[in-house]
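J.: Please find one structure pasted underneath; my questions will follow.
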Amino acid sequence: MIIYCEEEVHAIKRSNQIVAKILEELGSMIKPGVRTRELDEHAEARTREMGAIPAFKGYRDFPSSLCTSINEEIVHGIPSSRALREGDIISLDFGVLYEGYYGDAAVTFPVGEITPKAKKLIQAAKEAFHKGLEQARAGNRLSDISYAIQAYVEAQGFSVIRSFVGHGIGLSLHEEPQIPNFGLPGRGPKIKPGMVFALEPMIAMGDWNVEILEDNWTAITRDKSLSAHYEHTVAITEDGAEILSELDKKEASPFLKENRYA
Ligand code: MG
């Protein structure tokens, strides 16, 4: 497991700020009638404009820059001519490579008006991330994060997807350790300052069993229940964790020349 120095964490943050900015832009594009391919095209064009490289495109032959997963699709949905419909929920998972370091984040958006239960599911994925984040601190063990996420999600009446896990990130898109969103606390390596994790609970309204579609990528819930995803890249510090992929409103964006990170 890699321990990153402060300078490297700053570099990982720069990459993640690009991810955050583009996810924000994509969020404002979400409405009925929009095709997922348009979202992908925007994501790729903006990435290249900012001097970054889409991290997912070509990763194990994934065909797109953005993962677009609608309703019962959990993750790794492939953008297409499919148009969003009122009442859908859509998870966007996005990553870039910028000056040698990776950024990765995901969020689930409502399309127009959605049911109260779907809203609760989206909110639970976000809150589950924060429960995990609270445990992502030096001295804790890795599975303290996993346990906190699972306990929260199940208390909400939802289930945790087992087949996909959080991960270390920085010089590579996926590094050690793997961070499941379920399990008993107090296991695994001790968390140390300088570790950088992508924490990413994926949850379902029904059962957690997964099926992969014929495109060999799209993961769906076997019972076709709705699924939500929430992910940030975070850096462990001396006194907690910093979210690197949350748009830093106080700073100019990293792709603007006047930015101190640029
Ligand atoms: Mg990830």
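Laboratory data are not the source of any read-out in this text; all were calculated from the coordinates shown. Keep in mind that this is a model prediction, so the values were computed, not measured. Cβ: placed from backbone, ideal geometry, glycine included. Neighbour counts: every protein chain shown.
J.: So how compact is segment 68-141: Cα radius of gyration and Dmax in angstrom?
T.: Every Cα atom of segment 68-141 included, Rg and Dmax give 15.2, 47 Å.
J.: Follow-up. Over the Cα atoms of segment 182-247, Rg to Rh with Kirkwood Rh, two decimal places?
T.: The Rg/Rh ratio comes out at 1.09.
J.: If the only charges are +1 at each Lys and Arg Cβ and -1 at each Asp and Glu Cβ, what is the size of the charge dipole of segment 132-212 around the Cα centre, to the nearest 20 debye? It would help to have the intermediate numbers written out before the result.
T.: On the way: 6 positive and 8 negative charges, 78 e Å.
Roughly 380 debye for segment 132-212.
J.: Another question, if that's okay. Longer than 24 Å from Cα to Cα, which of LYS21/LYS57; LYS120/LYS224; LYS31/LYS117; LYS57/LYS120 are they? Say none if no pair is.
T.: Long pairs (Cα-Cα over 24 Å): LYS57/LYS120.
J.: Which of GLN150, GLN135, GLN123 ends up with the largest GNM mean-square fluctuation for the chain, with Cα atoms connected below 10 Å?
T.: GLN123
J.: Okay, next question. Can you pull the semi-axes for segment 1-124, root of five times each eigenvalue of the Cα gyration tensor, sorted largest first, whole Å?
T.: After diagonalising the Cα gyration tensor, the semi-axes are 27, 16, 13 Å.
J.: Find the centroid of the Cα atoms in segment 129-160 and in segment 1-72, then give the distance between the two in whole Å.
T.: Segment 129-160 and segment 1-72 have Cα centres separated by 25 Å.
J.: Over the C-alpha atoms of the chain, what are the Rg and the largest Cα-to-Cα span, Dmax, in Å?
T.: 17.2, 50
J.: Among ILE243, VAL165, GLY186, pick out the residue whose Cα is farthest towards the positive end of the charge dipole of the chain, where Lys and Arg carry +1 and Asp and Glu carry -1 on C-beta, about the Cα centre.
T.: GLY186
J.: With only Lys, Arg, Asp and Glu charged, each at its Cβ (+1 for the first two, -1 for the last two), find how big the charge dipole of segment 6-258 is about the Cα centre; round to the nearest 20 debye.
T.: 380
J.: Related question: Under 10 °C and 1.306 mPa s, how fast does segment 78-191 diffuse according to Stokes-Einstein, given a Kirkwood radius computed over C-alpha pairs? Answer in µm²/s, whole number.
T.: Details: Rh = 15.7 Å.
Answer from the Stokes-Einstein relation: 101 µm²/s.
J.: Also: Check cross-link reach from LYS192 to the aspartates and glutamates: straight Cα distance under 17 Å, and skip same-chain residues fewer than eight apart.
T.: Partners found: GLU6, GLU7, GLU8, GLU134, ASP144, GLU175, GLU176, GLU238, ASP239, GLU242.
J.: Using helices alone, what [θ] at 222 nm do you get for the chain, with -39,500 (n - 2.57) per DSSP H run of 4 or more residues, divided over all residues and rounded to the nearest 500?
T.: After summing the helix terms and dividing by residue count, I get -9500 deg cm²/dmol.
J.: May I ask you to list the trypsin sites (Lys or Arg not before Pro) in segment 137-221 that are in a DSSP loop and have at most 16 other Cβ atoms within 10 Å of their Cβ?
T.: Of the trypsin sites (Lys or Arg not before Pro), the ones in loops of segment 137-221 whose Cβ has at most 16 other Cβ atoms within 10 Å are ARG162, ARG187.
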